[in-house]
Amino acid sequence: MATLSQVQARISEACTLTAHTVDEVSLIAVSKTKPNEQILNLYNEGQRIFGENKLQELEVKSPALPADIEWHYIGKVQRNKIRKIIQYSNWIHGVDSEKLLLAIDRVAGEEEKKPNLFLQVNIDQEESKGGFIKEDLQEIAEQALSLAHINIVGLMCIPSPQENAELVRPSFKALSGLRRKLELELDISLPFLSMGMSADYHIAVEEGATHVRVGSALFGARNYTV
Ligand SMILES: *Cc1c(COP(=O)(O)O)cnc(C)c1O
């Protein structure tokens, strides 16, 4: 486990190798399974961005915690839960199908919202994982840009786990390249890249991540049995 300032320092150090300054990188403290008390500890140290992956946790935590927390939804989105998810979170990281994209746009329109979405890319082409394949990205991004009630802000990936964090670097590089390619092909600005977790966030930042999702390094290991 590391302290908030240690994680921030590591992000800052990684930024020296990039065009980003440290305040251009958002640290998402992934608080899934963790109690409000621990979230408040980080809040009191200045942390304002937190990530959850289950609606049932988000809808309990969000109303009980300070209103200036920016909640990011990083889990799989079930279509019947969209309305509630966008009620609590203006940032959705795991948009992984065309159906979901269209459904979010429709519900957001009804709710008069315009959530920020990341398109999830199945960067290592794993059968077990969701996300768009790179061949489909241009078409899906074009479609997403035509929708009025969502804001496509970037790409997200969850690379396959590796023994050595350095081995994840090619996947981060690949996502970064895909973003640049889309920007050129579609003549758009796609400002954000959501990549990097506790074991490899420093490498992700070196490769251009603007949003790192860090859980266990800040909160300790998760216990799913309680
Ligand atoms: C849980 C989770 C994280 C955080 O993982 P750690 O290894 O604990 O940092 C990041 N991204 C997603 C999508 C997650 O579900």
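Please treat every number below as a calculation from the coordinates, not as lab data. Keep in mind it's a predicted model, so treat the numbers as computed, not measured. Every residue, glycine as well, gets a Cβ built from its backbone with ideal geometry; the counts of neighbours run over all protein chains shown.
Summary table below
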item: Value of [θ]222 nm, deg cm²/dmol, for the chain, DSSP H segments ≥ 4, -39500 (n - 2.57) each, nearest 500; result: -11500 deg cm²/dmol
item: Lys, Arg +1 and Asp, Glu -1 on Cβ, resulting dipole of the range 123-226 about Cα centre, debye, nearest 20; result: 360
item: The chain, Cα convex hull volume normalised per residue, Å³; result: 128
item: Net +/- balance of residues flanking LEU119 in space, Cβ distance below 15 Å, scoring K and R +1, D and E -1; result: -2
item: Over 30 Å between alpha carbons, listed pairs LYS84/LYS129; LYS81/LYS181; LYS34/LYS84; LYS32/LYS113; LYS61/LYS181; LYS113/LYS173; result: LYS81/LYS181; LYS61/LYS181; LYS113/LYS173
item: Ranked list, fewest to most other Cβ atoms within 10 Å of each Cβ, for THR16, THR225; result: THR225, THR16
item: Test item: Cα-centred dipole of the chain, Lys/Arg +1 and Asp/Glu -1 on Cβ, debye; result: 620
item: The range 163-217: GluC sites (Glu not before Pro) in DSSP coil with no more than 12 other Cβ atoms inside 10 Å; result: GLU163
item: Overall Cα dimensions of the range 1-103 - principal axes, largest extent first, Å; result: 41, 33, 23
item: Exposure proxy ranking, count of Cβ atoms within 10 Å, fewest first, for HIS72, HIS93; result: HIS72, HIS93
item: Ascending count of other beta-carbon atoms within 10 Å, so fewest first, for ASP105, ASP200, ASP124; result: ASP124, ASP105, ASP200
item: Gap separating the Cα centres of the range 82-147 and the range 153-171, nearest whole Å; result: 20
item: Given charges at Cβ of Lys, Arg, Asp, Glu: the range 55-165 dipole, positive-most of LEU58, TYR73, TRP91; result: LEU58
item: The range 131-226 - convex hull of the alpha-carbon atoms, volume per residue in Å³; result: 131
